[in-house]
1. Give the number of residues within region 262-304 that are more than 23 Å from ILE112 (Cα to Cα), part of a helix (DSSP H, G or I) and either touching a residue at least 60 places away in the same chain (Cβ under 8 Å) or aliphatic (A, V, I, L, M) (or both).
2. Would you check if there is a residue in region 52-66 being surrounded by fewer than 22 Cβ atoms within 10 Å (Cβ to Cβ), more than 19 Å from the chain's Cα centre (by Cα) and either closer than 30 Å to THR217 by Cβ or within 16 Å of the ligand (Cβ to nearest atom) (or both)?
3. Of the residues ASN223, ASN179, which is in contact with an Asp or Glu (Cβ under 7 Å, 6 or more places away or on another chain) and surrounded by fewer than 20 Cβ atoms within 10 Å (Cβ to Cβ)?
4. Please specify each residue of region 201-234 satisfying the condition of being outside any loop (DSSP other than H, G, I, E, B), within 13 Å of the chain's Cα centre (by Cα) and touching a residue at least 40 places away in the same chain (Cβ under 8 Å).
5. If you go through region 137-158 one residue at a time, do you hit one that is out of contact with any helix residue (DSSP H, G or I) (no Cβ under 6 Å at 6 or more places or on another chain), on the phi < 0 side of the Ramachandran plot and basic (Lys, Arg)?
6. When you go through (1) assigned to a loop (DSSP other than H, G, I, E, B); (2) open to solvent by less than 20 Å² (accessible area, probe 1.4 Å) one by one for LEU70, which number turns out not to apply?
7. Looking only at residues in region 10-27 that are in contact with a strand residue (DSSP E or B) (Cβ under 8 Å, 6 or more places away or on another chain) and open to solvent by 20 Å² or more (accessible area, probe 1.4 Å), which one is nearest to the ligand (Cβ to nearest atom)?
8. Considering only region 60-75, I want to know if a residue exists there that is farther than 23 Å from GLU200 by Cα, out of contact with any Ser or Thr (no Cβ under 7 Å at 6 or more places or on another chain) and of a type in the set (Phe, Trp, Tyr).
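The values are calculated or read from the model by the stated rules, or taken from the named source; none is laboratory data. Computed from a prediction, not measured in an experiment: that's the story for all the values here. Because the Cβ atoms are built from the backbone with ideal geometry, glycine has one as well, and the counts that use them run over all protein chains shown. Remember, those area values only see protein heavy atoms, side chains included, never the ligands or the DNA or RNA. Shrake-Rupley method; radii C 1.70, N 1.55, O 1.52, S 1.80 Å.
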Amino acid sequence: MDYQKLFSEIAVESKKVEAIGEVASYIPELRNVDPDKFGIHLATLDKQNYGLGDYNERFSIQSIAKVLSLTLAFELEEGELWKRVGVEPSGTPFNSLVQLEYENGIPRNPLINAGALVICDVLVSRLKNPKQEFIEFIRNISGISSIDYCDRIAESEKLTSYRNAALINLMKAYGNITNDIQVVLDFYFNLCSIEMSCKELTHAFLFLAANGANPVTGERVVNVSKSKRINAIMQLCGFYDEAGEFAFKVGLPGKSGVGGGIMAIHPGNYSIAVWSPRLNSKGNSHKGMKILEFLTTVTEASIF
Ligand code: GLU
């Protein structure tokens, strides 16, 4: 694959995508980002790197972090995890309450807010210092020691997070949250506040393109089966109620966040991250989806 040529084509294509959609504003701090930022970075298993635009600039990765919290919880909790959270697409918005009541406080999957809150509860139970140990985990798998939480964003989310508070209270009532609600919520807000660049994201996620082993250090992050399952969950549940659309148009497992980032994996080949803060009506990056669709279309290479 001539990725250099591909990135030249993406440079041309990215200028053609209409600047439609708005930045997320329900978390006040997220409003402060320039809506027209655009960055993309691809890292291959044979250690090649290709970047374009603002790919070195850090942004709020928001729900993309939920894949990494799932990864760590899956390592710590194994099969028990799936008694508390499902692996089915939700077909509802990321912060929906409706389904949770029908389904007795068991969230559909670990990538919607309710499921991610259960995962945070697991990590709070299992780790001595969850905040510190979780960021160390990301620094370790990415090899980048300066990756950190953003207190401003965590605080801003805390002040406005009425729906997340409702979700966790409902699950507590069903007995699916074991720790103190405020402690779990605080950890969740921190998790969502992590800032990384597209380049850093591709390095942190490369293990999912490599059957669970970090291709740079050779260290195993998760076993082959877990890597398969995490990719499967991303494929089915990574884009809120637009997961089908992403599979249909792009055809890669991935995860988006309301900060405008999208992370995607081509197992056996590469990891790719794109950032463009204008979101479509489903909360996914408008331009990010268009560019990834372009990429898998011109390369004729998706997982299907
Ligand atoms: N921190 C956001 C929230 O809980 C995450 C949303 C997202 O990126 O999906 O509302």
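1. 5
2. Within region 52-66, one or more residues are surrounded by fewer than 22 Cβ atoms within 10 Å (Cβ to Cβ), more than 19 Å from the chain's Cα centre (by Cα) and either closer than 30 Å to THR217 by Cβ or within 16 Å of the ligand (Cβ to nearest atom) (or both).
3. None of the other options fit; the residue is ASN179.
4. The first filter runs over region 201-234 and keeps only residues outside any loop (DSSP other than H, G, I, E, B), leaving 201-204, 206-209, 213, 220, 224-234.
Checking which are within 13 Å of the chain's Cα centre (by Cα) leaves us with 201-202, 204, 208, 230-231, 233-234.
Scanning region 201-234 gives LEU201, THR202, ALA204, LEU208, ILE230, ILE233, MET234.
5. Yes: one or more hits.
6. (1)
7. VAL23
8. Of the residues in region 60-75, the ones farther than 23 Å from GLU200 by Cα are none.
No; the residues of region 60-75 include none that is farther than 23 Å from GLU200 by Cα, out of contact with any Ser or Thr (no Cβ under 7 Å at 6 or more places or on another chain) and of a type in the set (Phe, Trp, Tyr).
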